[in-house]
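Each remark here refers to the structure printed beneath this line.
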Amino acid sequence: MATRVYTSVADLDFDLYALPRMPRPERVLLVPPTHFEVAYVINPHMEGNIGEVDESEAAQQWQALHEAYVRVGIQPATLTPEPGLPDLVFCANQTLPYRQSDGTRGVVLSHMYAPQRRPEVQHLTAFFEDQGYVIQPLPASVNFFEGMGDALWHPGRALLWGGHGFRTSFAAYPHLSEALGVPVIALQLDDPDFYHLDTCLSVLDEHTALIYPGAFQPEGVRLIRHVFSTILEAPEDEARTLFACNAHCPDGTHVFIQQGCTETNHMLRVAGFTPVELATDEFLKSGGSVFCMKQMFW
Ligand code: ARG
């Protein structure tokens, strides 16, 4: 299939609403934080936090997240946590699940940037094998790819948004475009605090995105503005310290978001969404919040 990777507005040659539909995934996977801790530093948020995670707080915060999914009608699947893999709890990063128009479900496996996280991938692979997914390893030519930390499906459409620069190599996107037969809009990330695309872009529904513009190059912001008709801009403090853009909208209505994002929540309400505030403070110490703590699948 043809490779379609877009890096500027001038290149865009498709109409979003003419792209094939891809149903939103309706299932969610979570990994209990039994072995979660900050044991090494691989992003700026982890600095100074080694050994600082409060285990019982983390367990309660995770439980509340689990309950929040149940309350919106999603009963999460869980994966057995593994000793020695403290970041396995961030189960958005090891894979990119996809669904093809003929109903085939598959999963692309990540090449994690940090050696400490590489052994996580096999645990997610086993889960998706059990679910009957086609397993797609990456070619060796793609150095790094961190799954749904950097690659986000446009809600309802077969279009991929791809972040690169810190954890994912640009080379991932020509490969994914060809292998999955989908267009990819590639966005270079510019600020180490926003090292994954899911820290600065939350795709809420087909028309609406929540972003922190300062994390992108100007052309990236133009691309996002061109495709989404409504853009909510999180203020810097809420985006940088509270991970406002790591929110997750599982159903087009509710937006799970770290507690205290006052201005962002106001914008969400005005745009017709219902913010569901959750405390993820223990996970913020590791550079992750709601969006990274789950994987959606079909
Ligand atoms: N400590 C983890 C890491 O640095 C956090 C991952 C957060 N995930 C995310 N999708 N932003 O890899």
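What follows draws every value from the coordinates through simple rules; no lab data is involved. Values in this document were obtained by computation on a predicted structure and should not be read as measured data. Note: ideal-geometry Cβ built from the backbone for every residue, glycine included; neighbour counts use all protein chains shown.
Okay, here's what the table says:
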quantity: Relative intensity, log₁₀ I(q)/I(0), of region 254-298 from a Debye sum that treats every alpha carbon as a point, q = 0.25, 0.26 Å⁻¹; calculated: -0.90, -0.93
quantity: Gyration tensor verdict on region 219-279 (Cα atoms; rounded if a/c is under 1.5, prolate if a/b is larger than b/c, oblate otherwise); calculated: oblate
quantity: Label-to-label distance, nm, for residues given as residue 274 and residue 104 (7 Å Cα→Cβ offset); calculated: 3.8 nm
quantity: Two-site label geometry, residue 225 and residue 59: point separation in nm, points 7 Å out along Cα→Cβ; calculated: 4.9 nm
quantity: Span-like helix ranges in the chain, DSSP H, alpha carbon extent 15 angstrom or more, Kyte mean at least -1.0; calculated: 55-71
quantity: Region 5-140 shape via C-alpha gyration tensor axes, a/c threshold 1.5; calculated: prolate
quantity: Tail weight of P(r) past 11 Å, computed on alpha-carbon pairs of region 17-68, percent; calculated: 77 percent
quantity: Residue-count net charge about residue 229 - beta-carbon cut-off 13 Å; Lys, Arg +1, Asp, Glu -1; calculated: -2
quantity: Region 196-298 pair-distance distribution - Cα-Cα, 5 Å bins, rounded %; calculated: 2, 14, 27, 27, 19, 9, 2, 0
quantity: Mean-position separation - Cα centroids, region 86-152 and region 240-292, in angstrom; calculated: 24 Å
quantity: Compactness index (Cα Rg / 2.2 N^0.38 Å), the chain; calculated: 0.91
quantity: Inter-label distance for residue 80 and residue 41, nm, one decimal - labels placed 7 Å from Cα along Cα-to-Cβ; calculated: 3.5 nm
